[in-house]
Amino acid sequence: MKICIVKLSAMGDIIHAVVALEFIKKHIPDSQIDWIVEGGFRGVLENNPHIDNILPVNLKSIKTKKSEFFTQYKLLKTYAKNDYDIVIDAQGLLKSAIVSRIIGAKKIAGFDKDSIRESISALFYNSTVNIPYSANAIDRNMAVICQPLDIDYSKDEILNKKEFLYFPQKKDKRADSYIVLVVGASKENKVYPKEKFAQLLDKLKEKTIVVWGNDEEFTTATFIANNSKYATVAPKGNLDALKAIIADSKMVIGGDTGPTHMGWGLNIPSITIFGNTPEYRNTYITDINRVIKSDSKVNPLKLDYTDFSIREIEVDEIANLYCDIMTNIKS
């Protein structure tokens, strides 16, 4: 069976979908799995033995240069020549639905109109999956990918998943003596204050590597390193380097963003800090993957971008949770 998954962005959303590949290969071992993704996020998928072909696109370029529409259309028509048995739109947006239709297959699957914000997208599918938009993102991705393939699974199987993010370097079992601190996010109100991060590290007294992805995050990382003797700024690197740093760590701490969710994908303990986004929807809570949530009430259908309640979370709350997780691991 030739399967094409369409999940264009963003990093955390892609990670929440990649977990399904283990189940596809278990139930349909001879399947070919290709994945269409925005080029900037292809690094999340690279080196994954379950993916046969990563097919990058640059749909974002159309916003600034309308002629790019024709370039991207021609590229997608090239991918359509792969003659897929099924195309699965795991994104649920109008643009991803259009991409799925252009790629084409006898079966084009996606969320039904009651399960997505852009309900018009469902018109592009001939097989649909119903699961509330407010449901957990991992459960949603598993449903939309596995149900059209007639794959059964249980919650326990998801919780007992194997690591599903891959990188060329070998994991160093001796290196797990540091924390990874994720200081950036896609929105300002998903970012925990740098001053509090520095205070947190001084409480934990653990060697910490602060990871960053752009100039603003580098400035934040540098501030933390200058204000806590326990912090070191990670060198500039690609997504494979980020995976390796996280895989060798003892804990990942950060906001609701892709690099923090990598902890779950690599079976590394994590603390995800939530403010204006819903913790019950955006991560799985396990014995080693825990969350801290501000007191604000969140409507996943209409996020409040004026909600900066993440800044109100006390350093002691995070420090105490860290100690609880590490104590449970040791016991």
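The values are calculated or read from the model by the stated rules, or taken from the named source; none is laboratory data. Predicted model only: the values in this text are computed from it and were never measured. For neighbour counting, all protein chains shown are included, and Cβ atoms are generated from backbone atoms with ideal geometry for every residue, glycine included.
List every residue pair whose Cβ atoms sit under 7 Å apart, with the two residues 6 or more apart in sequence or on different chains, where the first one lies in segment 269-293 and is hydrophobic (A, V, I, L, M, F, W, C) and the second, anywhere, is in a loop (DSSP other than H, G, I, E, B).
The qualifying pairs are Ile273/Tyr192; Ile273/Ile313; Phe274/Asp256; Phe274/Ser294; Ile288/Pro269; Val291/Thr283; Val291/Ile285; Ile292/Ile313.
Looking only at segment 193-246, how many residues end up being under 21 Å from Tyr322 (Cβ atoms) and acidic (Asp, Glu)?
Total satisfying the criteria: 3.
This table checks each residue for (1) surrounded by 23 or more Cβ atoms within 10 Å (Cβ to Cβ); (2) touching a Gly at 6+ places or on another chain (Cβ under 9 Å).
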site: Lys155; (1), (2): no, no
site: Leu201; (1), (2): yes, no
site: Asn238; (1), (2): no, yes
site: Ile245; (1), (2): no, yes
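Do you know which residues across segment 294-306 are crowded, with 16+ Cβ neighbours inside 10 Å and touching a residue at least 60 places away in the same chain (Cβ under 8 Å)?
Of everything in segment 294-306, just one residue is crowded, with 16+ Cβ neighbours inside 10 Å and touching a residue at least 60 places away in the same chain (Cβ under 8 Å), namely Pro300.
One line per residue, one yes/no per condition, for (1) part of a loop (DSSP other than H, G, I, E, B); (2) in contact with an Asp or Glu (Cβ under 7 Å, 6 or more places away or on another chain); (3) surrounded by fewer than 17 Cβ atoms within 10 Å (Cβ to Cβ):
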{"site": "Ile271", "(1), (2), (3)": "no, no, no"}
{"site": "Asn276", "(1), (2), (3)": "yes, yes, no"}
{"site": "Ile285", "(1), (2), (3)": "yes, no, yes"}
{"site": "Arg311", "(1), (2), (3)": "no, no, yes"}
{"site": "Tyr322", "(1), (2), (3)": "no, no, no"}
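Among Ile5, Ile28, which is farther than 25 Å from Glu279 by Cβ, of a type outside the set (Asp, Glu) and touching a Phe, Trp or Tyr at 6+ places or on another chain (Cβ under 6 Å)?
Ile5 is the lone residue from the list that is farther than 25 Å from Glu279 by Cβ, of a type outside the set (Asp, Glu) and touching a Phe, Trp or Tyr at 6+ places or on another chain (Cβ under 6 Å).
Considering (1) assigned by TED's automatic domain parsing to the domain that holds Arg311; (2) over 22 Å from Asn267 (Cβ atoms); (3) surrounded by fewer than 19 Cβ atoms within 10 Å (Cβ to Cβ), say which one Lys95 fails and leave the rest.
(1)
Filter segment 153-187 down to residues that are modelled with pLDDT of 95 or more and among the acidic types (Asp, Glu), then give me how many there are.
Selection size over segment 153-187: 3.
Only one of Ile292, Ile318, Ile310, Ile325 is of a type in the set (Val, Ile, Thr), within 22 Å of Lys155 (Cα to Cα) and either at pLDDT 95 or above or assigned by TED's automatic domain parsing to the domain that holds Gly263 (or both). Can you tell me which? Step through it out loud before you land on a result.
Details: Ile292 fails: within 22 Å of Lys155 (Cα to Cα); Ile318 fails: within 22 Å of Lys155 (Cα to Cα); Ile310 fails: within 22 Å of Lys155 (Cα to Cα).
Of the residues listed, the single one that is of a type in the set (Val, Ile, Thr), within 22 Å of Lys155 (Cα to Cα) and either at pLDDT 95 or above or assigned by TED's automatic domain parsing to the domain that holds Gly263 (or both) is Ile325.
Does segment 60-79 contain any residue that is crowded, with 16+ Cβ neighbours inside 10 Å and closer than 19 Å to Val19 by Cα?
Scanning segment 60-79, I find no residue that is crowded, with 16+ Cβ neighbours inside 10 Å and closer than 19 Å to Val19 by Cα, so the answer is no.
Looking at the structure I just gave you, is Glu317 in contact with a strand residue (DSSP E or B) (Cβ under 7 Å, 6 or more places away or on another chain), acidic (Asp, Glu) and surrounded by fewer than 19 Cβ atoms within 10 Å (Cβ to Cβ)? Spell out the reasoning first.
Values: in contact with a strand residue (DSSP E or B) (Cβ under 7 Å, 6 or more places away or on another chain): yes; acidic (Asp, Glu): yes; surrounded by fewer than 19 Cβ atoms within 10 Å (Cβ to Cβ): yes.
Considered against the rule, which asks whether it is in contact with a strand residue (DSSP E or B) (Cβ under 7 Å, 6 or more places away or on another chain), acidic (Asp, Glu) and surrounded by fewer than 19 Cβ atoms within 10 Å (Cβ to Cβ), Glu317 comes out as yes.
Going through segment 202-232 one residue at a time, which ones are in contact with a helix residue (DSSP H, G or I) (Cβ under 7 Å, 6 or more places away or on another chain) and either among the aliphatic types (A, V, I, L, M) or modelled with pLDDT under 95 (or both)?
Leu204, Ile209, Val210, Val211, Ile224, Ala231
Rundown of residues vs (1) assigned to a helix (DSSP H, G or I); (2) out of contact with any strand residue (DSSP E or B) (no Cβ under 6 Å at 6 or more places or on another chain); (3) over 22 Å from Ser9 (Cα atoms), yes/no style:
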position	(1), (2), (3)
Ala244	yes, yes, no
Gly254	no, no, no
His261	yes, yes, no
Trp264	yes, no, no
Arg281	yes, yes, no
Val291	no, no, yes
